[in-house]
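Undergrad: Encoded as structure tokens, here's the structure I'll be asking about.
The values are calculated or read from the model by the stated rules, or taken from the named source; none is laboratory data. Bear in mind the structure is a predicted one, so any value in this text is a computation, not a measurement. When we count neighbours, we look across all protein chains shown, and the Cβ atoms used for this are built from the backbone with ideal geometry, even at glycine.
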């Protein structure tokens, strides 16, 4: 009993005082949070002001985030599995934001990010170049050629390697005669890696493997010959778009036909006597048919 009495006395004299002090600290904290709403939002959102006290699992659990959701708590990322890999807009990443109540930091971020998010101004559409008009004039000569027996769909033409100028003229005339769209596959973008994988991420103002691009994008990418071809198509009243193949040679042309509704493919005359490198890419007349799977026209033999 004596021991129990002593223990009760200790509890009644010690711990209640501690609780009162804890409540006093809590009341003071709430009052401070009320005076500073941004501070309150930090704690309510589950983000501690001291990031070193939070573990990776705590950071994810506090926000219901998966590895693909990236946020920053006082400069400390929570997307650990993908942090530092690719660009900020790479597939699988989603930028959520970060927390700061520093007015100067917020103002700087707004002024820095606004121009990035704004769409580029529309490019002024000037008259077609003399080179583009020459291509249209050259295609006029082929407008009386017999119609193809291809089904409905677009004309796919390979440019960027070999005698592509004549191939484009042949394709442009075919599209004009039969009222077809034109898919211009720029093979100069072929290489050991994909032309779409870089640190810029993906947005509507740059090329994508899933869509054709227009002359504005071609100018931004610095594709001089392709710019001229797109200008010529527009001047001739043909709907056209450019595309960079994701794989080299015949398979790249086959993908273009499948993705964009191709009905017929126009090839440069080089496929008749291809170089060794082109033969290795499958760009030989005797090998193209089974791979492409569409009717083919060789420029100069149409």
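Undergrad: Counting just the residues of segment 291-301 that are in contact with a helix residue (DSSP H, G or I) (Cβ under 9 Å, 6 or more places away or on another chain) and surrounded by fewer than 16 Cβ atoms within 10 Å (Cβ to Cβ), which one comes out modelled with the lowest pLDDT?
TA: If we take residues in segment 291-301 being in contact with a helix residue (DSSP H, G or I) (Cβ under 9 Å, 6 or more places away or on another chain) and surrounded by fewer than 16 Cβ atoms within 10 Å (Cβ to Cβ), then 301 is modelled with the lowest pLDDT.
Undergrad: Scan segment 281-290 for residues that are in a helix (DSSP H, G or I) and either outside the structural domain of residue 261 (by TED's automatic domain parsing) or at pLDDT below 90 (or both) and jot them down.
TA: If the condition is that a residue be in a helix (DSSP H, G or I) and either outside the structural domain of residue 261 (by TED's automatic domain parsing) or at pLDDT below 90 (or both), then 285, 286, 287, 288, 289 are the ones that fit.
Undergrad: Tally the residues that are part of a loop (DSSP other than H, G, I, E, B) and surrounded by fewer than 19 Cβ atoms within 10 Å (Cβ to Cβ), restricting the search to segment 204-245.
TA: 9
Undergrad: Shifting gears a bit: I'm trying to understand the selection: among the residues of segment 260-273, which are under 14 Å from residue 286 (Cβ atoms) and part of a strand (DSSP E or B)? Break it down stepwise before answering.
TA: Residues of segment 260-273 under 14 Å from residue 286 (Cβ atoms): 267, 270-273.
Within segment 260-273, 267 is the sole residue that qualifies.
Undergrad: Do we find a residue being within 30 Å of residue 276 (Cα to Cα) and modelled with pLDDT of 85 or more anywhere in segment 192-208?
TA: no
Undergrad: So, in segment 128-143, of the ones that are over 19 Å from residue 242 (Cα atoms) and either out of contact with any helix residue (DSSP H, G or I) (no Cβ under 9 Å at 6 or more places or on another chain) or at pLDDT below 90 (or both), which residue ends up surrounded by the most Cβ atoms within 10 Å (Cβ to Cβ)?
TA: Step by step, filter segment 128-143, then rank; the result is 137.
Undergrad: Among the numbered criteria (1) in a helix (DSSP H, G or I); (2) surrounded by fewer than 19 Cβ atoms within 10 Å (Cβ to Cβ), which one does residue 257 miss?
TA: Result: residue 257 passes all but (2).
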